[in-house]
1. When you look at Gly178, is it open to solvent by less than 10 Å² (accessible area, probe 1.4 Å) and either within 19 Å of Leu395 (Cα to Cα) or out of contact with any Cys (no Cβ under 6 Å at 6 or more places or on another chain) (or both), yes or no?
2. Just the residues that are in a loop (DSSP other than H, G, I, E, B) and over 24 Å from Asn336 (Cβ atoms), please, taken from segment 146-177.
3. Quick test of your reading of the structure: Ser224 fulfils all but one of (1) more than 13 Å from Trp318 (Cα to Cα); (2) open to solvent by less than 10 Å² (accessible area, probe 1.4 Å). Name the failing condition by number.
4. From the list Glu102, Glu42, Glu51, Glu14, pick out the single residue that is open to solvent by 40 Å² or more (accessible area, probe 1.4 Å) and more than 25 Å from Tyr150 (Cβ to Cβ).
5. Can you go through Gln86, Gln76 and tell me which one is touching an Asp or Glu at 6+ places or on another chain (Cβ under 9 Å) and open to solvent by 10 Å² or more (accessible area, probe 1.4 Å)?
6. Is there a residue in segment 50-59 that is in contact with a Pro (Cβ under 6 Å, 6 or more places away or on another chain) and among the aliphatic types (A, V, I, L, M)?
7. Show the residue pairs that are 6+ apart or on different chains and have beta-carbon atoms under 8 Å apart, the first residue being within segment 380-400 and more than 21 Å from Ala189 (Cβ to Cβ), the second being among the basic types (Lys, Arg).
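The values are calculated or read from the model by the stated rules, or taken from the named source; none is laboratory data. These figures come from a predicted structure and were not determined experimentally. Cβ sites come from the backbone with ideal geometry, for glycine too, and all protein chains shown count toward neighbours. Quick note on the areas: whole protein, heavy atoms, side chains included, nothing else; ligands and nucleic acids left out. Shrake-Rupley method; radii C 1.70, N 1.55, O 1.52, S 1.80 Å.
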Amino acid sequence: MTTASGELDGVIHEIACMELGNDKPSFQSDPTLARFKETGTELWVDTGDLEKAQSIWKSEFTALTTNNTLANQVVQTGVMDEVIHQVVSQLKDIAPSLTGEEWVAEIGFVINCRIALRLVRAFKTKVSIELHPSMSRNIGRTLEYARRYYRVCPEYFIVKIPLTPEGYLSVRILRKEGIPINFTLGFSARQNYLAARLSNPDFVNVFLGRLNQVVSENSVGGGSFVGEKVTLATQGALFEIRKKCPEVKTKLIGASIRSGEQVAFLAGIDVMTIPPSAMEDFLKTKHSTSSINNNIGKDIQPEIDFSNSHGPRFPKLWEVSDAFVKFVNDLLANTNLDRMSGEEMESFCRERNIDLFYPFSSAQLKKVLNMGKIPRLAEWPQEVALDDLMTQSALQSFSKDQAELDSRIRSFL
């Protein structure tokens, strides 16, 4: 790092930080939510909006998650405009040669930190904070910004990194450095099995609500319990890994929760991150404590029409085959693993007929972006694995929201 870039990093770090205070806020308890702890489940809130979080917060909540979409929602309200002005004013003299994209990256970094730190200051709890989607295929930038985020608030920040080949490899490095990681955009048990064994992140995810939605919107069945089946299967796989490999500490987050009934049903998984709307729905239904029970290990029959041409794509979401376990074993035995690039990891998969990382062209990525969060399955051949397609759809959706946030930043330059 040059002297100039070192000075820039120092100034950005100073602006990004906030005084958190020493007060320990107290919150009302809810006996029904307390029951989740008895089943082994942590409850998080999924929002970047301080006021929404405050409206539902109970003492049983232990963390919050933000992402590019949630950050964009906050920024578009104008609440971060003063922060943007502050960064622009302070950087004009010390970094006159920054390109437009560099300005956006640095201001975006500060905004993400400030959104998360407002939550930390209010609740004195951990907050999961996500990298810019443009870094998802770049190991060097992922490592750089993950370390910078952690340095801003090592006590409370958990860094979110998206599930890409470069993400798997970056997380492997960062976890060895002790940086807490939430490895996000997972949609299958096998994706998260690989993550736990290869990289040992603190957390992995199943975006379960989107899995139910992809079934219903593509008329492959009603869609109920699809995401729940994948989530419980993933939890079971992680239990087995943690039992056999004590060094693996990875926990599962059930994400993309849509309703209060899903909250109740998923009792027993490691973590749920719940949007305020779903938590309000749960609290309105007034579940009794006796109705909150651990469902891990239950045989769930998802509403999928397996006679539909797309029906056979779904079991791979909840299965971890012997062939896949062998592939992971082979990868871990590879002597080049810690020097591997994302492209080399993709090649390693293809050579072993593992369909995790489809080589999407630029035109195909544009099509994914235009489709939004839920892909139209009829437009994708069977060789595109559903978990891979859902991850790419989620990443492109975040990229779209990030582009809106970046556009607001550019309006100040």
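1. No: the conditions fail for Gly178.
2. Result: Cys153, Pro154, Glu155, Tyr156.
3. Of everything listed in (1) more than 13 Å from Trp318 (Cα to Cα); (2) open to solvent by less than 10 Å² (accessible area, probe 1.4 Å), Ser224 misses just condition (2).
4. None of the others qualify; the one that does is Glu51.
5. Exactly one of Gln86, Gln76 is touching an Asp or Glu at 6+ places or on another chain (Cβ under 9 Å) and open to solvent by 10 Å² or more (accessible area, probe 1.4 Å), namely Gln76.
6. There is at least one residue in segment 50-59 that is in contact with a Pro (Cβ under 6 Å, 6 or more places away or on another chain) and among the aliphatic types (A, V, I, L, M).
7. Within 8 Å, the pairs are Ser397/Lys373.
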